[in-house]
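Reading through the structure tokens given below for one structure.
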Amino acid sequence: MPMPSIEPGDSGARETSVCAVLVTHQPDPQTLAAALGALAPQVGALVLVDDATGDPRFRDFCAGYRDLQVIPLPENRGLAHALNAGIERARSIAGITHVLLLDQDSVPENGMVCALKSALDRLGRREKVAAAGPRFRDPRERRDAPFVRIRFPFNRKLHCTEACPEIRCDFLITSGSLIPLAVLDETGGMDETLFIDNVDMDWCFRVRAAGYALYGVCAARMRHSLGASRRRLPGLPRGIVVHPPRRLYYMMRNRLLLYRRAHTPRAWIAQDLPRALVKLALFSIVVGPRRENLRHMIAGLRAGMAGRVEPPPGMSG
């Protein structure tokens, strides 16, 4: 099937100081075209970092968009590496002071970048703010995902209301986060040893420990898909997001690596331990391939407990 063309839409004012950094790996062409079309009129520069997609049609697709700067990575070294590569390219572009981080499953709505930038500028005049993120909705859900404040035993899930234009939170997903380059200069970029899972959580914990705030911006909206597929289970009306064994390895390994870090909130560790046990049971007993799932999760737990950042079983990198 041929790649579709990009048709930029009318997405409100352009924030010329913002560079969007979009990471892809074997993307869905229709979703990617929608994302690029929505981003193009909202930002001053657009960088796409491709993690070794390998489809020649994808190269033709990118070449057809004249303002798109493409960084083709020869091998998949993980989301964190790709984000850092895009951030470094953004630094080289004249006039860029902020990066908007996105993945291939996210499509900004009209005016999202302007709303994020306006809120970040306003809030930054009264306190140190590391990032602002949009409210988002998974197309399979009936309402927007909440912003989260980490508490024990249960998190506070905060939804946008008319009386609350911004919500201070403890965590933002990477996709949609608008970050000043000056903050990245001070706190560092994404941790490449984590490869993919918990990259955003680690960065958020790190900047919060450094005295920065994070905000969700209710006027900024985005469509974003969490996970490739869901499986319905009795007693779980929303079902569970299904992951391949390799991804389960990183989920288990990285959560234990975060447990060892001083900037990780103790309350999050206490409530995450039961989640890890539930995930271990579900994917080794209920969701197949059970044997491979269990093998990869146990390997991840062992690596995490030992503080090792080795790759999954059967992988050399």
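Structure notes:
- Annotation for the stretch 162-229: GluC sites (Glu not before Pro) lying in DSSP loop with at most 12 further Cβ atoms inside 10 Å of their Cβ are Glu162.
- With the charge dipole of the stretch 15-223 set up from +1 on Lys and Arg Cβ and -1 on Asp and Glu Cβ about the Cα centre, the Cα lying farthest toward the positive end among the listed residues Leu158, Leu102, Pro72 is that of Leu158.
- For q = 0.12, 0.13, 0.14, 0.17 Å⁻¹, Debye-computed log10 I/I(0) when each Cα of the stretch 45-177 counts as one equal scatterer: -0.60, -0.70, -0.80, -1.10
- Over every Cα atom in the stretch 27-100, the radius of gyration and the widest Cα-Cα span, Dmax, amount to 12.3, 33 Å.
- Spin-label pair Arg77/His159, simplified geometry with 7 Å Cα→Cβ offset, distance in nm: 4.3 nm
- Residue with peak Gaussian network fluctuation, the chain [Cα springs, cutoff 10 Å], from Leu46, Leu282, Leu36: Leu282
- Placing a pseudo-label 7 Å from each Cα along the Cα-to-Cβ vector at Val278 and Lys128 gives an inter-label distance of 3.4 nm.
- Note on Ala262 and Ile298: the extension gain reaches 10.5 nm, defined as 0.36 nm multiplied by sequence separation minus the Cα-Cα distance.
- Using a Förster distance of 35 Å, the FRET efficiency for Arg151-Asp185 (Cβ separation, nearest 0.05): 0.65
- Taken about its Cα centre, the chain carries a charge dipole of roughly 1500 debye when the Cβ of each Lys and Arg holds +1 and the Cβ of each Asp and Glu holds -1.
- GNM result for the chain, Cα springs below 10 Å: residue of Gln271, Gln42, Gln104 fluctuating most strongly: Gln271
- Order of Thr161, Thr31 under a 10 Å beta carbon neighbour criterion, fewest first: Thr161, Thr31
- Per the Kirkwood formula applied to alpha carbons, the chain shows a radius of gyration over Rh ratio, Rg over Rh, of 0.95.
- Helix-derived mean residue ellipticity, 222 nm - over the chain, DSSP H n ≥ 4, -39500 (n - 2.57), to 500: -11000 deg cm²/dmol
- Cα-centre dipole for the stretch 135-288 with unit charges at Cβ (Lys and Arg positive, Asp and Glu negative), debye to 20: 800 debye
- Pair Arg142, Arg91: separation of 7 Å Cα→Cβ label points (nm): 4.7 nm
- Result for the chain in a Gaussian network model with C-alpha springs under 10 Å: among Pro274, Pro27, Pro245, the largest mean-square fluctuation is at Pro274.
We did not get these values from a lab; they are worked out from the coordinates using the rules stated. All figures in this text were calculated on a predicted structure; none of them were measured in a lab. Every residue, glycine as well, gets a Cβ built from its backbone with ideal geometry; the counts of neighbours run over all protein chains shown.
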